[in-house]
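Read the structure below first, then the notes.
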Amino acid sequence: MKNVRIYFKKMGRMKFVSHLDMTRVMSRLIKKSGIPIWYTEGFNRHIYMNFALPLSLGYEGTNEVMDIRIIDDEYPLDKVLASLQAVCPPDIEIIKATNPVKPTKEIGFADYVLAFDEINCDLKSLFADFFSKESVTVEKKGKKGKVKKVDIMPKIKACCVGDNTLTLQLVAGSEDNLNPALVMDAFFEIFGLEPVFYTVTRTSILDKQGNPFI
Amino acid sequence: MDNKNFERLLLSVQKPGRYSGGEINSVIKDKSKVDVRFAFCFPDTYEIGMSHLGMKILYSLFNEREDIWCERVFAPWIDFEEVMRANNLPLFALESRDPIKDFDFIGFTLQYEMAYTNVLNMLDLAGVPLRSKDRADFTPIIVAGGPCACNPEPLADFVDIFFLGEGEEVDLEVIDLYKEYKKEGKTKAEFLAAASKIEGVYVPALYDISYNADGTVNSVTPKGDTPATVKKRIIKDMDKVYYPDKFVVPFIDIVHDRVVQEIFRGCVRGCRFCQAGFIYRPVREKSVDTINNQAKALCESTGYDEISMSSLSTSDYTEIEPLLNKMLEWTTEKYVSLALPSLRIDNFSDELLEKIKHVRKSGLTFAPEAGTQRLRDVINKNVTEEEIINTCKTAFKGGYTAVKLYFMMGLPTETDEDLKGIADLGQKIVNTYYSMPEKPKGKAVSVSISVSTFVPKPFTPFQFEPQITRDEIRRRHEFLKSCITTKKISLSYHDSSTSFLEGVLARGDRRLGDVVEKAYKKGCRFDSWSECFNLDNWMDAFDECGIDPAFYANRTRSYEEITPWEHLDYAVSKSFLINESKAAHGERTTPNCREKCSNCGANCYGEGVCFEKR
Ligand code: SF4
């Protein structure tokens, strides 16, 4: 029995699939693929699957990570890859299958690209203004609906404003996680702006050192 | 609308996965390479429509053909409808996202009367004129099938073609005819006239209806050489009929998210209230091998880990034990679970019982439908109190503590005595539990009683019966409630006002078309959803059309009266229904098809249970 780390893209029509629904979709794809998958023990046996970092509904991901467990140690990884690729719908693309190096608790950051219809000069300077702030405190709904105040600025590791994109590197992981929507909500609020539409793509998941999570 | 704007709209509504498409096994074709585009519409939400077996069968059947591209369409929920209307987004098909008004066919499946306003709403959202007579263009042709097509009269003004009975063959025959007529440059009228000659095709515009002074139907007159009656189609050989080897696997959770394996059509029982028990006659089974192979292929192509057997009464499958044995050979090994709804297990071998112990058990449920043996004889429901109590005993021994019972209220000849019988049966089950030394320790028993309101339906022996009024339904609810004296029994009912409307539409005639349209224009849609249903709007619509709904729902019809569906032939003869009605009033039961044939008329197809050796 061994763990296999699957890297995949969740694009296009798939972005309307919530994280919970995604686990069901993946388990069916795995079942359909016929790879020698490991089932959890117990009365209601199901496929073991662990997503490194859930992706919000509405976001695309170009380098998502999921761990599965197969019962045959000798089963070649390229066969896992090919079998999964063969059954995926057009908007899920399996990129690679590897032996995991780090546990998911080593995840520290994630890169996001926010695409706007247009980032004009005004918006550009407001972004500059916003990201140079020392601290921006927002209310965040925690578990059990408790609202707590958090300063988001220390959780923004890097940002870059392009022609019509905003790239953010944010704290990510199971202990601490910053959603780009929270950053944008704070941005619109501080300047009293009517929120504009943007799309979000998570482009990579990084470890605590800021290196690609492997 | 470009993709980006479309997605922006989707992100502003609840459950965008309902409208996104792109699911596993959904079919994408090159539209320049197909001759016929078919929009298969289910007039309810995605979650309900995607659970429907008939739609899965026809979707795959059509798409097997290279020249047809069939796509799915569901009724957009209220929030998305608002967004669509505000942004001039016409109703589109999930696969291509193309507007369905440009398709060759727009087809609806009519599973329940309460979806009629959704049909109109979907036509309107598509940008298609509601009434057939206002649609001058050849396409789109509006077609509809499903159980409600057995009396489709309330929708007769809106739909060009109804398919009666099972669609696998007749639908394709009509599509082929369409291709031919389109190629030859014929008109829509010519096409409809030719289609009406195909068995199972009902073109309502080709029949004139006249009425008597008392409001009943006087005559149904076919125009020109249109056939006087239209006979439903059935599939004769269930082992040869097409069955999909793939289902579209949805991304979001739906009502029945699993492999659904059909095992037979029809029902031998003949419960007198049950429309399905009559309109799907005769019973035709699939063989064990067919079922086993089809279920296996579906599991492989979908990745589902659960199979549900589909039929009106699984226990009546003649080879149920060999079937389960065969399927368990591979399902256990592949971690696939079998769901066996309403399966009676009294006569199974110990060995099989042991094997299906691991089969996911749905709770302990019974549908006695009526509270006394007298009334059960009236409705021909052959469940006895003794059987129920005995099964409960076995189940309690096996650790069960919850029992669910389904009843109907307002059945013909029902008295307060019969209602009290419902409460008494519940009490007897509670008493049985406490009288057993082997009952699960430290646990209380719970009996939940669910009561729906009886709705008389066409093509049943009760088609002549009045539905009880809403006031009387309320009184009986209160009475039944007063009969229940323990907290161990919980009681729930189905809303009485929707049953009333269902009763009106089920036996309605063409004049109700105006009412449905008015109600829809007043904002009625999703009438089967309690959060959307608005009876006041419906009552206003009846009022404005000068139509008394009680005429349709609450009146006793004579055996001689011409019904609005008199020209539709569902194989069971009217004389049989009259005999059955008389037997009901005489409290006499009728044996099931396997015990003895009662000559209902369904043997006219030369197939099925009618020709089994008894
Ligand atoms: S003809 Fe006889 S056996 Fe056939 S469906 Fe009717 S009653 Fe049943």
Seminar exercise, completed: Within segment B:204-241, residues of a type in the set (Val, Ile, Thr) and within 24 Å of residue B:573 (Cβ to Cβ) come out as B:209, B:216, B:217, B:220, B:221, B:226, B:229, B:230, B:234, B:235
Exercise. Restricting attention to segment B:534-558, which residues are part of a loop (DSSP other than H, G, I, E, B) and touching a residue at least 40 places away in the same chain (Cβ under 8 Å)?
Worked result: B:554, B:555, B:556, B:557, B:558
For this session: Output the number of residues of segment B:68-96 satisfying the condition of being touching a Leu at 6+ places or on another chain (Cβ under 9 Å), assigned to a helix (DSSP H, G or I) and β-branched (Val, Ile, Thr).
Result: 1
Exercise. Restricting the search to segment A:39-62, which residues are of a type outside the set (Ser, Thr, Tyr), more than 11 Å from chain B (Cβ to nearest Cβ), touching a residue at least 12 places away in the same chain (Cβ under 8 Å) and not in a strand (DSSP E or B)?
Worked result: A:52, A:53, A:54, A:55
Problem set entry | Yes/no for residue B:602 being open to solvent by less than 50 Å² (accessible area, probe 1.4 Å) and within 16 Å of the ligand (Cβ to nearest atom) | yes
Problem set entry | Of all residues in segment B:255-264 being assigned to a strand (DSSP E or B) and out of contact with any helix residue (DSSP H, G or I) (no Cβ under 6 Å at 6 or more places or on another chain), the one that is nearest to the ligand (Cβ to nearest atom) | B:264
Seminar exercise, completed: Scanning segment A:13-36 residue by residue, those touching a Ser or Thr at 6+ places or on another chain (Cβ under 7 Å), within 7 Å of chain B (Cβ to nearest Cβ) and open to solvent by less than 40 Å² (accessible area, probe 1.4 Å) turn out to be A:16, A:28
Problem set entry | Unique match (being at pLDDT 90 or above, outside the structural domain of residue A:181 (by TED's automatic domain parsing) and under 17 Å from residue A:90 (Cα atoms)) among A:61, A:34 | A:61
For this session: Filter segment B:211-255 down to the residues that are under 30 Å from residue B:301 (Cβ atoms) and basic (Lys, Arg), then identify the one that is nearest to the other protein chains (Cβ to nearest Cβ).
Result: B:246
Exercise. Can you name every residue in segment B:508-526 that is buried (at least 21 other Cβ atoms within 10 Å of the Cβ) and at positive phi?
Worked result: B:526
Exercise. Counting residues that are open to solvent by less than 20 Å² (accessible area, probe 1.4 Å), which strands (runs of 3 or more DSSP E) fully inside segment A:120-214 reach at least 3?
Worked result: A:165-171, A:198-207
Problem set entry | Those residues of segment B:203-242 which are of a type outside the set (Asp, Glu), within 24 Å of the chain's Cα centre (by Cα) and part of a loop (DSSP other than H, G, I, E, B), in sequence order | B:203, B:229, B:232, B:234, B:235, B:236, B:238, B:240, B:241, B:242
For this session: With the checklist (1) open to solvent by less than 70 Å² (accessible area, probe 1.4 Å); (2) free of Cβ contacts under 8 Å to residues at least 12 places away in the same chain; (3) more than 13 Å from the ligand (Cβ to nearest atom); (4) not polar (S, T, N, Q) in hand, flag the one item residue B:561 doesn't pass.
Result: (2)
For this session: From (1) more than 9 Å from the ligand (Cβ to nearest atom); (2) in contact with a Pro (Cβ under 9 Å, 6 or more places away or on another chain), pick out the condition that doesn't hold for residue B:587.
Result: (2)
Exercise. Residue check: is residue A:7 more than 14 Å from chain B (Cβ to nearest Cβ) and aromatic (Phe, Trp, Tyr)?
Worked result: yes
Problem set entry | Tally of residues being in contact (Cβ under 8 Å) with a residue 40 or more places away in the chain and surrounded by fewer than 18 Cβ atoms within 10 Å (Cβ to Cβ) across segment B:182-210 | 2
Exercise. Hey, any hits in segment A:66-89 for a residue that's within 14 Å of chain B (Cβ to nearest Cβ), of a type outside the set (A, V, I, L, M, F, W, C) and in a helix (DSSP H, G or I)?
Worked result: yes
For this session: Kindly list the number of the only condition in (1) in the same structural domain as residue B:313 (by TED's automatic domain parsing); (2) basic (Lys, Arg); (3) away from the ligand (no atom under 11 Å from the Cβ) that fails for residue B:518.
Result: (1)
For this session: Could you please let me know if residue B:543 is more than 16 Å from the ligand (Cβ to nearest atom) and open to solvent by less than 10 Å² (accessible area, probe 1.4 Å)?
Result: no
For this session: Go through segment B:564-584 and give me each residue that's buried (at least 17 other Cβ atoms within 10 Å of the Cβ), in a loop (DSSP other than H, G, I, E, B) and within 11 Å of the ligand (Cβ to nearest atom).
Result: B:571, B:572
Exercise. Out of (1) loosely packed, with under 13 Cβ neighbours inside 10 Å; (2) out of contact with any Leu (no Cβ under 9 Å at 6 or more places or on another chain), the odd one out for residue A:99 is which?
Worked result: (2)
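The values are calculated or read from the model by the stated rules, or taken from the named source; none is laboratory data. Computed from a predicted model, the values in this text were never measured in an experiment. Glycine also receives a Cβ, built like all others from the backbone with ideal geometry; neighbour counts cover every protein chain displayed. Keep in mind that these areas ignore ligands, DNA and RNA; they rest on the heavy atoms of the full protein, side chains included. Shrake-Rupley method; radii C 1.70, N 1.55, O 1.52, S 1.80 Å.
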